[in-house]
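Participant: Mind having a look at this structure? Questions to follow.
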Amino acid sequence: MSRPEVLVAGRMPPNVLEQLEASFIVHRLPDDADEADEMIEAVGPHIRGVATNAVQAPPVETLERLPALEIMASSGIGTDALNLDYAGRRGIRVTHTPDVLTEDVADAAIMLMLATSRQLVVADRNVRAGRWLEGLSLAHRVSGKRLGILGLGRIGRAIAHRAAGFDMTIGYHQRRRNTDVAYRYHDSLVALAAESDFLVVVVPGGAATDRMVDATVLEALGPEGILVNVGRGSTVDEPALIDALTQGHIRGAGLDVLADEPHVPEALRTLDNVVLAPHYASATVETRTAMGQLVVDNLRAHFAGQALLTPVA
């Protein structure tokens with residue numbers, strides 16, 4: 001029996017390709033649009049599986065050219081780019097990689113809180129330029145402050161667990177109250193922001209969360225508040241955030257995700273009260289290796305007729 005043909009679309013952890021090539025006929029989608037179109041034209045009818053990630057998943061237009069597609073295995077926890085409705089209509093199975101990135105993303109959220117509040121990037125730049133304390137104001141502590149978490153799922157809980165070590169008062173908002181935690185539940189995002197010194201965004205992307213952190217929320221967060229986003233850039237109204245940062249409506253922002261990645265508005269790149277990362281919160285050797293292994297294992301399980309390890313619910 002011939003090996004199934006699999007399309008690799010987007011960045012993959014380093015342990016993926018060699019394993020895929022041992023089990024499947026692998027086609028790597030080129031970055032160049034014309035070359036990618038030529039490849040899909042040539043091999044599209046034979047592709048039965050796609051290995052992709054939560055940001056670079058193929059659009060519906062590409063999926064329509066893969067008539068034999070049975071499964072998409074994504075590296076990442078987010079599903080907003082995976083076209084789940086379309087996949088469901090066609091009976092395409094979809095997997096992702098939850099849990100394995102929880103600890104690293106939670107670490108990154110705390111890192112961004114500290115780096116923004118303690119002006120780490122500005123201080124580092126000063127020292128490297130020989131300016132030492134020149135123009136550097138006093139920073140603000142994190143310990144003992146109020147933390148608001150938008151989305152108390154796996155990652156939100158891990159952030160709260162770490163924040164407890166900083167003696168922070170913890171509140172959260174989401175559609176439903178979690179009955180198994182003692183953290184204070186706020187029935188609106190505005191109410192949570194008004195009671196927070198740090199507002200950490202952890203919810204997934206998609207229509208339900210699109211620009212839910214808007215000017216009203218940022219105004220409620222207030223001039224002493226700091227926004228941290230390790231969820232999806234689409235959740236924050238970016239023009240409203242830039243206005244809040246430049247007008248002093250909030251103190252600062254630590255952003256691992258942006259609205260139009262990898263494009264970064266000039267204003268965000270030049271503001272000293274912003275710390276930026278390139279959607280990098282889960283980018284450790286340990287986590288990315290585990291994510292890649294789940295991609296491989298899910299594809300192997302599907303074509304072996306076995307249960308998927310981490311299907312999208």
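The values are calculated or read from the model by the stated rules, or taken from the named source; none is laboratory data. What you see is a predicted model, and the numbers here were worked out from it, not measured in a lab. Virtual Cβ from ideal backbone geometry, glycine too; neighbours counted across all protein chains shown.
Participant: Taking the stated definitions as given, is T62 surrounded by 19 or more Cβ atoms within 10 Å (Cβ to Cβ), touching a Gly at 6+ places or on another chain (Cβ under 6 Å), at pLDDT 95 or above and within 24 Å of G233 (Cβ to Cβ)?
Facilitator: Judged against the criteria, T62 is not a match.
Participant: Also, quick follow-up: Would you check which residues across region 1-27 are loosely packed, with under 13 Cβ neighbours inside 10 Å and closer than 14 Å to R300 by Cα and list them?
Facilitator: Listed by number, the residues that qualify are E18, A22.
Participant: Could you count how many residues in region 11-31 are within 17 Å of P59 (Cα to Cα) and at pLDDT below 95?
Facilitator: 2
Participant: Out of everything in region 143-157 that is within 16 Å of D180 (Cβ to Cβ) and among the hydrophobic types (A, V, I, L, M, F, W, C), what residue ends up being surrounded by the most Cβ atoms within 10 Å (Cβ to Cβ)?
Facilitator: I149
Participant: Would you point out which residue out of A208, A193 is among the small types (G, A, S), assigned to a helix (DSSP H, G or I) and surrounded by fewer than 16 Cβ atoms within 10 Å (Cβ to Cβ)?
Facilitator: A208 is the lone residue from the list that is among the small types (G, A, S), assigned to a helix (DSSP H, G or I) and surrounded by fewer than 16 Cβ atoms within 10 Å (Cβ to Cβ).
Participant: Right, next: Within region 158-167, take every residue that is outside any loop (DSSP other than H, G, I, E, B) and not β-branched (V, I, T) and give me the one that is surrounded by the most Cβ atoms within 10 Å (Cβ to Cβ).
Facilitator: By that ranking, first place goes to A163.
Participant: Could you say whether any residue in region 100-112 is at pLDDT 95 or above, hydroxyl-bearing (S, T, Y), closer than 30 Å to F198 by Cβ and buried (at least 17 other Cβ atoms within 10 Å of the Cβ)?
Facilitator: Scanning region 100-112, I find at least one residue that is at pLDDT 95 or above, hydroxyl-bearing (S, T, Y), closer than 30 Å to F198 by Cβ and buried (at least 17 other Cβ atoms within 10 Å of the Cβ), so the answer is yes.
Participant: Here's something else I'd like to know. Residue by residue through region 249-263, note down the ones that are surrounded by fewer than 21 Cβ atoms within 10 Å (Cβ to Cβ) and over 16 Å from V230 (Cβ atoms).
Facilitator: Listed by number, the residues that qualify are H249, R251, D260, P262, H263.
Participant: Do any helices (runs of 4 or more DSSP H) entirely within region 84-143 hold 2 or more residues that are farther than 30 Å from H302 by Cβ and assigned by TED's automatic domain parsing to the domain that holds V230, and if so, which?
Facilitator: Ranges flagged: 102-117, 120-128.
Participant: Which members of region 41-68 meet the condition of being assigned to a loop (DSSP other than H, G, I, E, B) and more than 16 Å from L294 (Cβ to Cβ)?
Facilitator: So the first thing to find is which residues in region 41-68 are assigned to a loop (DSSP other than H, G, I, E, B), and the list is 54-59, 64-68.
V55, Q56, P58, P59, E64, R65, L66, P67, A68 - these are the residues of region 41-68 that are assigned to a loop (DSSP other than H, G, I, E, B) and more than 16 Å from L294 (Cβ to Cβ).
Participant: So for region 228-238 (the condition being loosely packed, with under 15 Cβ neighbours inside 10 Å and more than 16 Å from G148 (Cβ to Cβ)), does at least one residue qualify?
Facilitator: no
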